[in-house]
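Report on one structure; see the data block that follows.
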C-alpha cells in the first residue's frame with residue numbers, strides 16, 4: 001500500500017516533497033489502515049480490562065507472542081450479553097484503526113464471543129435481536145414488582161444449590177413470606193420444556209405475587225436452556241412478574257433480557273423479591289411512632305381547648321345575674337336617651353322662634369340694603385328735584401310734555417310747572433335755539 005503526497009509545500013509554494021504535520025500524517029495512516037484492512041475475526045486472550053464510567057470497554061488482546069490495544073464502545077458492549085474476564089479467551093470481530101492523538105495502532109471491537117463457541121453465540125445474538133425487534137426486550141415493557149408480596153414462587157430444580165440459597169435468604173430476611181416451589185430441570189435437553197411447564201403451572205394457579213427463575217453458574221452449554229426461544233416468550237407473557245437469577249454476575253442469558261428484573265445471582269434474586277423483615281419492622285415502628293406523636297399532639301390540643309372552654313363556663317345564677325346587670329344598664333341608657341330627647345323637644349320651639357326672628361331681621365336688612373341703591377338712582381332721576389334747581393316743565397292742554405318749541409302754535413294755551421307751583425300761559429312766539 002502506498003500513497004502520493006501533494007507537491008505543495010506548507011507555505012503554499014510549489015516545490016519538492018510536501019511537509020505534513022503529525023496530525024496529517026496520523027490521519028493518512030488511519031485512513032490507509034481502515035481502507036486497506038477489512039473487518040475480520042481475531043482470537044486472543046483479554047488482558048488489562050477496564051470498564052469506563054462512560055460504558056466503553058478498554059483492554060488488550062494478546063496471544064503468546066504479541067498484543068494489540070482494543071476499544072469497544074458502549075453501544076456495542078451492551079449488546080455482548082456478558083462481561084469478559086481477564087485471562088479468558090474470546091473471538092473478536094474488529095476494525096483495524098489508528099488512535100490519532102498518540103499514533104497508536106489499535107482495533108475497534110464490534111462484537112465478541114467466547115472462543116470455540118461461535119455457533120452458540122451467533123444463535124444467541126440472532127434470537128436476542130429478533131426479540132428486540134418484537135419489543136419483548138424493551139425496558140418499558142417490564143412490570144413493577146410487588147412491594148409487599150404475600151407469596152413468592154421459585155422455578156428451579158429441587159436438587160439445585162440455587163434453591164437452597166433462595167430458601168436460606170427467604171428464611172433469614174422474610175420468614176413471613178410463603179415460598180412455593182415449581183420444580184423443573186435447569187440443564188439438559190428437557191430443561192427448557194420443563195421450565196415452560198413450571199411457568200404455566202404458576203400462572204394457572206395464581207397463588208404467588210412474584211416468580212424467581214434461578215439457577216447456579218455453569219458453562220455456556222450448561223446455561224443454554226435459559227436461551228430457549230419458547231422459554232423467553234413464556235417469561236414475557238407470564239401474568240406474574242418474573243425475576244431472573246441465572247448463573248453468576250458475568251453470565252447473561254435470553255431469560256435475563258425478557259424478565260421484568262435481572263438479578264446477578266440466585267441469592268440476589270431472593271433479596272430483590274421482597275424487603276427484609278427487620279427493615280419492614282423498622283418502617284412499621286417508625287410509622288407507629290409518627291402516628292403516636294400525632295395522636296399525642298392531637299390530645300394535647302384537645303385538652304387545651306377543653307381547659308379554655310371550662311374557664312369560660314359560668315353557673316346559671318351567675319349567668320342570670322350577668323344578664324340582669326346588662327338589662328339594667330340597657331334600661332338606664334334607654335331612660336337617659338328618652339330624657340335627652342324630651343329636653344330637646346321642649347327646647348326646639350324656642351330655638352325655632354329665635355332662629356326665625358334672626359332670619360327675618362337678616363332678611364329685612366338684606367332687602368333694605370338691596371333697595372338703597374335703586375332708591376338713590378330713582379331720587380336722582382326725580383324731575384321735581386330738577387325743577388327745584390330753576391328748571392320748568394311745559395305741558396299742552398292735553399297734558400303732553402312739550403319738548404320742542406316748534407311743536408307749539410301761536411296763541412296755543414300751555415301749562416308751566418315750576419319747582420314750586422304751576423302757571424297758565426299762551427304762546428305768542430316760537431324761536432329755535434342755534
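Bear in mind these aren't lab numbers, they're just calculated from the coordinates by the rules spelled out. Note that the structure is a prediction, hence the values are computed from the model and not measured. Neighbour counts are summed over all protein chains in view; Cβ atoms, including those assigned to glycine, are modelled from backbone coordinates with ideal geometry.
Length gained on full extension, residue 47 to residue 391: 108.3 nm, using 0.36 nm per residue less the C-alpha separation. Spatial offset of the stretch 110-159 relative to the stretch 381-434 amounts to 150 Å, using the alpha carbon center of each.
Given the C-alpha atoms of the stretch 131-207, compute the convex hull and give its volume per residue in Å³.
In the stretch 131-207, the Cα hull volume divided by residue count equals 127 Å³.
By the Stokes-Einstein formula, at 0.692 mPa s and 37 °C, the stretch 208-288 with its Kirkwood radius over alpha-carbon pairs has D equal to 242 µm²/s.
The equivalent ellipsoid of the stretch 22-116 has semi-axes of 23, 15, 13 Å, largest first, where each one is the square root of 5 times an eigenvalue of the Cα gyration tensor.
The slack between residue 330 and residue 115, meaning 0.36 nm per residue of separation minus the straight C-alpha distance, is 66.3 nm. With R₀ set to 41 Å, the beta-carbon distance separating residue 371 from residue 420 gives a calculated FRET efficiency near 0.90. At an R0 of 51 angstrom, the distance between the Cβ atoms of residue 292 and residue 159 translates into a FRET efficiency of 0.55. A simple spin-label model places the labels of residue 301 and residue 74 5.0 nm from each other, with each point 7 Å out along Cα-to-Cβ.
The simple Förster model, with R0 at 22 Å and r as the Cβ-Cβ distance, assigns residue 205 and residue 237 a FRET efficiency of 0.85. Which whole-angstrom value gives the distance between the alpha carbon centres of the stretch 318-358 and the stretch 182-229? Taking the Cα centre of each part, the stretch 318-358 and the stretch 182-229 sit 104 Å apart.
Label zone of residue 141 (point 7 Å out along Cα→Cβ, amide N under 11 Å): in the stretch 242-269 this covers 257-260. A viscosity of 1.002 mPa s and a temperature of 20 °C, combined with the Kirkwood radius over C-alpha pairs in the Stokes-Einstein formula, give the chain a diffusion coefficient of 61 µm²/s. How many percent of Cα pairs in the stretch 359-429 exceed 13 Å? Result for the distance tail: 73 percent.
With no solvent and one point on each alpha carbon, what is the Debye value of log10 I(q)/I(0) for the stretch 283-331 at q = 0.20, 0.32, 0.33 Å⁻¹? One equal scatterer on each Cα of the stretch 283-331 leads to -0.76, -1.02, -1.04. Note on the chain: GNM, Cα springs under 10 Å; of 307, 104, 289, the largest mean-square fluctuation is that of 307.
Between residue 250 and residue 123, the contour length at 0.36 nm per residue exceeds the alpha carbon distance by 43.8 nm.
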